[in-house]
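Beneath this line is the structure, given in structure tokens, with notes to follow.
Here, each number is a calculation from the coordinates, and none is a lab measurement. Computed from a predicted structure; not experimentally measured. Cβ atoms come from the backbone with ideal geometry, glycine included; neighbour counts cover every protein chain shown.
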Amino acid sequence: MRRSEFQRAVESEFGDRSDSLVADLSLSAFSGRTAAEALSAGVPPREVWLALCDQTDVPVPRRHGAGRLEPKRS
């Protein structure tokens with residue numbers, strides 16, 4: 001997962017709350033760091049996405065493949 005895919009996944013799942021969740025929610029998987037802090041520390045976006053999903057009880061089927069763009073149709 002790229003950083004841009006992480007952004008799209010968070011925005012798609014959480015809508016208007018996405019910015020505040022990334023900036024303010026302490027993630028137990030990263031010793032209380034926020035998603036933004038974990039990303040800044042070099043944690044891969046996929047790991048941060050999954051930790052955010054765990055912390056906020058996102059159903060498993062919505063966790064995988066999130067953030068990817070739809071393929072272009074020819």
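Only one residue in SER26, SER12, SER4, SER20 is more than 16 Å from ALA66 (Cβ to Cβ), part of a helix (DSSP H, G or I) and not aliphatic (A, V, I, L, M), so which one is that?
Numbers: SER26 fails: part of a helix (DSSP H, G or I); SER12 fails: more than 16 Å from ALA66 (Cβ to Cβ); SER4 fails: more than 16 Å from ALA66 (Cβ to Cβ).
The conditions single out SER20.
Among the residues of the stretch 10-20, those that are touching an Asp or Glu at 6+ places or on another chain (Cβ under 9 Å) and either within 13 Å of THR56 (Cα to Cα) or among the hydrophobic types (A, V, I, L, M, F, W, C) (or both) comprise VAL10, SER18.
Inside the stretch 29-41, residues that are part of a loop (DSSP other than H, G, I, E, B) and either within 18 Å of VAL58 (Cα to Cα) or touching a strand residue (DSSP E or B) at 6+ places or on another chain (Cβ under 9 Å) (or both) make up a count of 1.
Scanning the stretch 11-24 for residues that are aliphatic (A, V, I, L, M) and surrounded by fewer than 18 Cβ atoms within 10 Å (Cβ to Cβ) turns up at least one hit. For the residues GLU37, GLU5, the requirement of being touching a residue at least 24 places away in the same chain (Cβ under 8 Å), among the acidic types (Asp, Glu) and surrounded by 13 or more Cβ atoms within 10 Å (Cβ to Cβ) singles out GLU5. Considering (1) closer than 17 Å to ARG63 by Cβ; (2) crowded, with 18+ Cβ neighbours inside 10 Å, the lone condition that PRO44 does not fulfil carries the number (2).
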